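Student: I have a structure I would like to understand better, so I am pasting it below and will then ask my questions one at a time.
The values are calculated or read from the model by the stated rules, or taken from the named source; none is laboratory data. The structure displayed is predicted, hence computed values, not measured ones. Cβ: placed from backbone, ideal geometry, glycine included. Neighbour counts: every protein chain shown. For accessibility, only protein heavy atoms count, side chains too; no ligands or nucleic acids. Shrake-Rupley method; radii C 1.70, N 1.55, O 1.52, S 1.80 Å.
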Amino acid sequence: MSYMDKIKDLYTKKAQGQVMEAFDKYYQREALKKWQSSIKELHGGGHDFFTANEEENTTSVRSWVEATFQDGNRYKMTEVALQKWQGDQIIEEHFYYNAP
């Protein structure tokens, strides 16, 4: 499976509500705990742009999520994530996003 296939599979699973399955497959579950604990309610999300450099084992994706956070504030955030892969696992990730 190419890295382009893997990143698309990850975000497709997330969009279908299979967040834990996606993170178990491509991350370690610990990577999700902090993010989930900050969210009170999810209202939607999606993705619209992927890139992959198969030789460098890197991918990127532009996505968005709308959520109400534990402090009661509701935001729609757009982000670009850059991932470095080792086999089937994302081993390094950086996020660039619009701050609410």
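Student: In region 1-17, what residues are open to solvent by 60 Å² or more (accessible area, probe 1.4 Å), over 19 Å from Glu66 (Cβ atoms) and not acidic (Asp, Glu)?
Tutor: Result: Met1, Lys8.
Student: Kindly indicate the residue of region 31-73 that is farther than 16 Å from Leu10 by Cα and of a type in the set (S, T, N, Q) and also surrounded by the most Cβ atoms within 10 Å (Cβ to Cβ) among those meeting that condition.
Tutor: Among residues in region 31-73 that are farther than 16 Å from Leu10 by Cα and of a type in the set (S, T, N, Q), the one surrounded by the most Cβ atoms within 10 Å (Cβ to Cβ) is Thr68.
Student: Filter region 46-63 down to the residues that are assigned to a loop (DSSP other than H, G, I, E, B) and in contact (Cβ under 8 Å) with a residue 40 or more places away in the chain, then identify the one that is farthest from Gln89 (Cα to Cα).
Tutor: Glu54
Student: Answer with yes or no whether Ala22 is in a helix (DSSP H, G or I) and of a type outside the set (Asp, Glu).
Tutor: yes
Student: Taking Phe23, is it free of Cβ contacts under 8 Å to residues at least 40 places away in the same chain, open to solvent by 90 Å² or more (accessible area, probe 1.4 Å) and either in contact with a helix residue (DSSP H, G or I) (Cβ under 7 Å, 6 or more places away or on another chain) or aromatic (Phe, Trp, Tyr) (or both)?
Tutor: No: the conditions fail for Phe23.
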